[in-house]
Ligand code: KG4
Ligand code: ZN
């Protein structure tokens, strides 16, 4: 069984060809074209601009994906596409392209929820999660805890009340003058910083539910940034410097480390809390923020302590890609008439 997966829900134009053989899903090709460099210039995503770039990229990306997989349309058993949630202009590019291809190539069309797709990056390869499995989705738009009891069977436990974890990384990065997307930028700076210098409130600490909240953290960071440069380097026992920008850089590293540490702590705490209520033996993480190595390290430590198996996709499969969409499609149903599929920007779990 070979599936072409198409993903265009945000600023990426992505496609992949995956094969299911001997009970395991393998990537034959995986191509991602991003307009992130354009977004970096403007400090975020401009929806119309993202969609315009995707219209230009979608056919070349699909052609390149098929070429790399050494697969013609005849070799495909189905086409899968993200139909929501996401930016409507972006979703339409993928959905309409998939509808046309499914019709002219006479292939089944399998609609995939982008959020479910993120989780299925964990089903690529041999070492896949076993049910029941706790799922943490941490992306630019979502922060959700879900309990999966089987394919297509899950219970929503909680989610963010305001900003998503990735959104908080991005907004804090902007406050620090770092480019979009901010998560990797903060992580890079954080690795050089002292996470204990700035005290930030851990969101929802002590709350016994499975909800998250990150808008307060962003405000706390904004208030600290206003005071930059905070302490001259002499006062912190650092080599005296004539260059004030070095002091600012120092502040940025320490604050980045505190931001990363606070977001990671809040996520890990909720996973531990959920495991107390639902003592399952498998935990999977998904979404762009799952590419954060500090989050993975801390979850691994807890996983070993609690004798829980942790599943995290490799970083390139955490951020948006077509492979996760094709992977999810192996467990989803095809739509009867491809031309009736509608993009749904507000689709939820
Ligand atoms: O899943 P994704 O690619 O797109 C959405 O569906 O939203 O997630 C993008 C988010 C961005 O907020 C980005 O800053 C964050 O994932 N991200 C990271 C890292 N890599 C990407 N956050 C923290 N650390 C990273 N290494
Ligand atoms: Zn995503």
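The values are calculated or read from the model by the stated rules, or taken from the named source; none is laboratory data. Remember, it's a predicted structure, so these values are computed and weren't measured experimentally. Here the Cβ positions follow ideal geometry from the backbone for every residue, glycine too, while neighbour counts run over all protein chains shown.
Of all residues in the range 5-31 being within 16 Å of ligand 2 (Cβ to nearest atom) and over 10 Å from residue 65 (Cβ atoms), which is surrounded by the most Cβ atoms within 10 Å (Cβ to Cβ)? It would help to see each step written out before you state the result.
Initially, the range 5-31 is screened for residues within 16 Å of ligand 2 (Cβ to nearest atom), giving 5-16, 30.
If we keep only those that are over 10 Å from residue 65 (Cβ atoms) as well, we get 7-13.
Details: 7: 29, 8: 36, 9: 30, 10: 28, 11: 27, 12: 22, 13: 31.
That would be 8.
If you take just the helices (runs of 4 or more DSSP H) that sit entirely in the range 289-337, which of them hold at least 1 residues that are within 21 Å of residue 187 (Cα to Cα)?
293-306, 315-318
Sort out which residues of the range 70-89 are assigned to a loop (DSSP other than H, G, I, E, B), touching a residue at least 60 places away in the same chain (Cβ under 8 Å) and away from ligand 2 (no atom under 16 Å from the Cβ), and write them in order of number.
Initially, the range 70-89 is screened for residues assigned to a loop (DSSP other than H, G, I, E, B), giving 70-72, 76-77, 85-87.
Right, trim to touching a residue at least 60 places away in the same chain (Cβ under 8 Å) and you get 71, 76-77, 85-87.
Of everything in the range 70-89, those that are assigned to a loop (DSSP other than H, G, I, E, B), touching a residue at least 60 places away in the same chain (Cβ under 8 Å) and away from ligand 2 (no atom under 16 Å from the Cβ) turn out to be 71, 76, 77.
In the range 151-174, what residues are in a strand (DSSP E or B) and within 15 Å of ligand 2 (Cβ to nearest atom)?
The first filter runs over the range 151-174 and keeps only residues in a strand (DSSP E or B), leaving 153-160.
159, 160 - these are the residues of the range 151-174 that are in a strand (DSSP E or B) and within 15 Å of ligand 2 (Cβ to nearest atom).
Residues checked against (1) surrounded by 15 or more Cβ atoms within 10 Å (Cβ to Cβ); (2) modelled with pLDDT of 95 or more; (3) more than 19 Å from residue 165 (Cα to Cα):
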{"position": "289", "(1), (2), (3)": "yes, yes, no"}
{"position": "306", "(1), (2), (3)": "yes, yes, yes"}
{"position": "313", "(1), (2), (3)": "yes, yes, no"}
{"position": "316", "(1), (2), (3)": "no, yes, no"}
{"position": "331", "(1), (2), (3)": "yes, yes, yes"}
{"position": "335", "(1), (2), (3)": "yes, yes, yes"}
{"position": "342", "(1), (2), (3)": "no, yes, yes"}
{"position": "345", "(1), (2), (3)": "yes, yes, yes"}
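Would you point out the residue of the range 1-39, among those that are more than 15 Å from ligand 1 (Cβ to nearest atom) and modelled with pLDDT under 95, that is nearest to residue 84 (Cα to Cα)?
The selected residue is 38.
If the requirement is being modelled with pLDDT of 95 or more, buried (at least 21 other Cβ atoms within 10 Å of the Cβ) and within 23 Å of residue 317 (Cβ to Cβ), which of these qualifies: 147, 134? Spell out the reasoning first.
Values: 147 fails: buried (at least 21 other Cβ atoms within 10 Å of the Cβ).
Exactly one residue qualifies, and that residue is 134.
If we scan the range 270-286, do we find a residue that is without any contact (Cβ under 8 Å) to a residue 60 or more places away in the chain, assigned to a helix (DSSP H, G or I) and within 30 Å of residue 21 (Cα to Cα)?
No.
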